[in-house]
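All remarks here apply to the structure that follows.
The values are calculated or read from the model by the stated rules, or taken from the named source; none is laboratory data. Keep in mind that this is a model prediction, so the values were computed, not measured. Counting neighbours? That spans all protein chains shown, and the Cβs are built from the backbone with ideal geometry, glycine included. The protein model used for the area step is the full one, side chains on, heavy atoms only, and it has no ligands, DNA or RNA in it. Shrake-Rupley method; radii C 1.70, N 1.55, O 1.52, S 1.80 Å.
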Amino acid sequence: MLDYHLHLWPHSQSDAETTVEQVAAYCERAVEAGVTEIAVTEHLFRFTQARDLVGGFWNDLPGEALRPGMAAYWDHHARVDLDAYVEVVEAVKAEGLPVVLGLEVDYYQDRMDEVAGLLAGYPFDVLLGSVHWLGTWRFDVLNDPLVMAEWEVRDIDAVWDEYTRAMEELGASGACDVFAHPDLVKVAGRVPAVPDEFYDRITEAAVRSGMAAELSSAGWRKPVGEEYPAPPLLKRFVEQGVPLTTASDAHSLPDVADRADDLRELLHGAGVSRLQAYRGRRPHLVPVDPSGGL
Ligand SMILES: [Zn+2]
Ligand SMILES: [Zn+2]
């Protein structure tokens, strides 16, 4: 098992520091839970280098009323030095602890070449690709009343279509390795009556891009109360040969490797015995159960 989606800081924390002790503690907790390797994958928007590169992108997007919220979100989050983060994770890795260097990268329409250019300057092992925002709408920030008001007025099929289009474009950009929480758009519990078309398109986006997809326990901690991806989407991934990682999407130590045993059960049920791990953005397969071999 892997835990290939980990954050070091909760969203409520603004200024933050990367420490060897914290990354080492994440490794220790993961190993105790039967995880053989973790990837630390902080949000790109945590870093001042991202703000310098794409900050203000929201001013070009539809959704004027939500622009101030996006600006405040970035001001709150984008305060950490990317170089220091990379140095610390690399140092822990060099000590032989089971960690690889990653990042969770959002989709920036028409800006992914610039983003890829920034990231190419660092020795990342794995890059997660995520869609958290549709225009200026941060649809998964469920404690923001303005965000939730949008969920009340928008057509659910149209929301899923816009999300799926962003996933397709993110895949086509070639900037990332793994689709994080592939059906995150269900986070608030709003799912179309017939979501099949969206599942088919997301699967196709993964197949065409060669990206892996993540099986994540984070959805169990959200209103939707279901793993990412939903069972019919996981089934499509497996049938189409999309490689998988496993993930908790923890934002603090207690959630590291959260429900790893339940994820293992889902993999067994789906007939999946191997996961995809990464070094230097190159994939290799590892067994779900190390004792069982490949
Ligand atoms: Zn995410
Ligand atoms: Zn995340």
Within the stretch 132-166, residues being farther than 15 Å from Gly63 by Cβ, of a type in the set (Val, Ile, Thr) and either surrounded by fewer than 14 Cβ atoms within 10 Å (Cβ to Cβ) or out of contact with any Pro (no Cβ under 6 Å at 6 or more places or on another chain) (or both) number 1
message: Taking the criterion of being free of Cβ contacts under 8 Å to residues at least 12 places away in the same chain and either assigned to a helix (DSSP H, G or I) or on the phi > 0 side of the Ramachandran plot (or both), would at least one residue in the stretch 40-47 satisfy it?
response: no
If we ask which residues in the stretch 9-47 are more than 11 Å from ligand 2 (Cβ to nearest atom), in contact with an Asp or Glu (Cβ under 6 Å, 6 or more places away or on another chain) and within 16 Å of Tyr85 (Cβ to Cβ), their number turns out to be 1
Counting only residues in the stretch 193-252 that are among the polar types (S, T, N, Q) and farther than 28 Å from Cys27 by Cβ, the one nearest to ligand 1 (Cβ to nearest atom) is identified as Ser209
For the stretch 238-263, pairs from a residue that is farther than 16 Å from Thr41 by Cα to a residue that is among the basic types (Lys, Arg) and surrounded by 24 or more Cβ atoms within 10 Å (Cβ to Cβ), with Cβ under 9 Å and 6 or more apart or across chains, are none
Among the residues of the stretch 113-131, the number that are buried (at least 22 other Cβ atoms within 10 Å of the Cβ) and touching an Asp or Glu at 6+ places or on another chain (Cβ under 8 Å) is 6
Exactly one of Val159, Val126, Val147, Val131 is of a type in the set (Val, Ile, Thr) and more than 26 Å from Ala193 (Cβ to Cβ), and that residue is Val126
Filter the stretch 206-229 for residues that are among the aliphatic types (A, V, I, L, M) and assigned to a loop (DSSP other than H, G, I, E, B); the one that is nearest to the chain's Cα centre (by Cα) is Met211
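Quick check, is Val89 over 21 Å from Glu42 (Cβ atoms), open to solvent by less than 20 Å² (accessible area, probe 1.4 Å) and not aromatic (Phe, Trp, Tyr)? Let's see the steps before the verdict.
Numbers: over 21 Å from Glu42 (Cβ atoms): no; open to solvent by less than 20 Å² (accessible area, probe 1.4 Å): yes; not aromatic (Phe, Trp, Tyr): yes.
Taking the combined requirement at face value, the residue does not satisfy it.
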